[in-house]
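Report on one structure; see the data block that follows.
The values are calculated or read from the model by the stated rules, or taken from the named source; none is laboratory data. Owing to the predicted nature of the structure, the values given are computational and were not obtained by experimental measurement. All Cβ positions, even for glycine, are placed from backbone atoms using ideal geometry, and neighbour counts span all protein chains on display. Ligands, DNA and RNA are stripped out before the accessible areas are found, and what is left, the full protein with its side chains, is counted by its heavy atoms. Shrake-Rupley method; radii C 1.70, N 1.55, O 1.52, S 1.80 Å.
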Amino acid sequence: MSIFAVFSVILCSFELKGREVIWAIKDTSIGTTYFDEGAAKFFLSELVHGTSVDKEGGALDSIIKTKPVKRIKYMLESTDPKGSSVGGGQLTEAACVKRDYHAMGSALGPDWFSELKIEAKQTSRNIHIDYGCEVSAIYSLEEFKGKKLKETVPKGVTKQDIECQWPVYVEFTNGTLYGCDLVVSATGVTPNVKSVHSADKFNLAEDGGLLVDCEMRTNLNDIYAAGDVCSVNWIDHTFLWFQMRLWTQARQMGAYAGKCMVAHHNGRDILMDFCFELFAHVTKFFAYKVVLLGRYNAQSLSSDYQLLLRCTPGREYIKVVMKDGRMIGAILIGDTDLEVCMSLKVC
């Protein structure tokens with residue numbers, strides 16, 4: 001049996017096949033970054049029982065490692081290894097491999113794990129969730145033995161099942177300690193400005209990011225910032241959009257910052273990009289399509305709002321946020337076919 005200690009990770013706990021999972025969460029429900037406790041309960045049965053994984057039977061214990069997947073590769077002029085001049089453009093990963101280009105291209109993106117397959121012999125799903133705790137220490141096998149620590153037996157696991165030597169042991173703030181083969185950590189995003197802020201006096205936001213205006217400019221002349229390193233200062237301009245430090249937002253900010261630079265250099269005015277008019281994010285949790293629109297969790301709102309809910313267990317979860325008779329946010333889980341009309345009404 002393989003136990004994986006997983007904390008603050010949703011996708012990994014669902015996609016890993018034939019394994020035991022210990023999942024430690026600092027909050028009182030799963031996925032609080034993205035959705036409320038109602039949606040978390042909708043997902044919970046899927047996490048424990050599952051419908052789209054563990055159907056192919058057992059497999060040998062294995063971790064199949066491949067190159068990280070990146071969406072689109074970019075090349076510059078004169079990057080052909082044979083020395084011939086080529087124009088800039090977009091290439092697929094296969095084309096880059098074939099031509100042996102060394103330029104790494106765009107950021108890693110959300111598809112990095114799609115070719116990483118982790119499988120084990122067992123076919124049953126056993127997931128144990130510890131709420132309201134975080135990792136306090138990680139020990140090697142030698143440290144575990146030297147300190148004479150005692151391993152916690154997860155619910156549903158016999159003591160005999162864990163009487164083996166694990167390569168790593170994880171201790172949580174609630175006093176439990178588990179042995180495991182692999183630790184997957186998701187600690188969130190923190191702006192890293194040390195390399196630039198020490199030399200220049202940038203204005204920083206409360207969260208530590210470089211403060212930028214509605215045209216991606218910092219307080220220093222001709223210096224722009226985009227992506228996770230910056231914090232926007234235009235909430236009054238776009239009430240239905242907010243920064244969440246997503247990969248998609250980083251791409252949009254980077255493209256918009258480039259347009260702003262060109263416009264300022266040419267002495268032209270520029271309108272804010274349409275993508276900042278409405279927060280919109282599409283992803284998947286536990287094989288369900290998830291669409292997040294506007295202030296979908298009533299972010300930054302007072303208590304003066306209403307919620308409309310519709311839930312069909314195992315099929316769909318729909319929540320609409322209303323304020324002053326106007327729809328200002330929605331979360332759509334499952335194949336609801338409502339995202340188009342919802343986005344139009346929110347706008």
| Accessible surface of E20 in the full protein assembly, 1.4 angstrom probe, to the nearest 10 Å²? | 20 Å²
| With every protein chain in place, what's the accessible area of R310 (1.4 Å probe, Å², nearest 10)? | 120 Å²
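By the scheme Lys and Arg +1, Asp and Glu -1, what is the net charge of all other residues having a beta-carbon under 12 Å from that of V193? If you can, show how the numbers build up before the last one.
On the way: positive: K194, K201; negative: D200, D207, D228.
Here the charged neighbours net out to -1.
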| Semi-axis lengths (Å, descending) of the ellipsoid that matches the C-alpha gyration tensor of the stretch 209-347 | 32, 16, 13
| task | List nothing, just return the count: lysine pairs in the stretch 146-267, 8 or more apart or interchain, with Cα separation under 26 Å. | result | 5
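So, by mean Cβ neighbours within 10 angstrom, what's the order for 298-308, 216-226 with the highest one leading? Please list the in-between numbers first.
Values: 298-308: 10.9, 216-226: 16.6.
In descending order of packing, they fall as 216-226, 298-308.
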| task | For the stretch 236-293, state the average projected area of the convex hull of the C-alpha atoms over all orientations, rounded to one decimal in nm². | result | 4.6 nm²
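Roll a 1.4 Å probe over the protein chains and send me the accessible area per residue for the stretch 230-347 in Å². Can you show the working numbers first?
Values: 6300 Å² over 118 residues.
Value for the stretch 230-347: 53 Å² per residue.
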| message | So, taking all protein chains as they sit and a 1.4 Å probe, how much accessible area belongs to Y34, in Å² rounded to tens? | response | 60 Å²
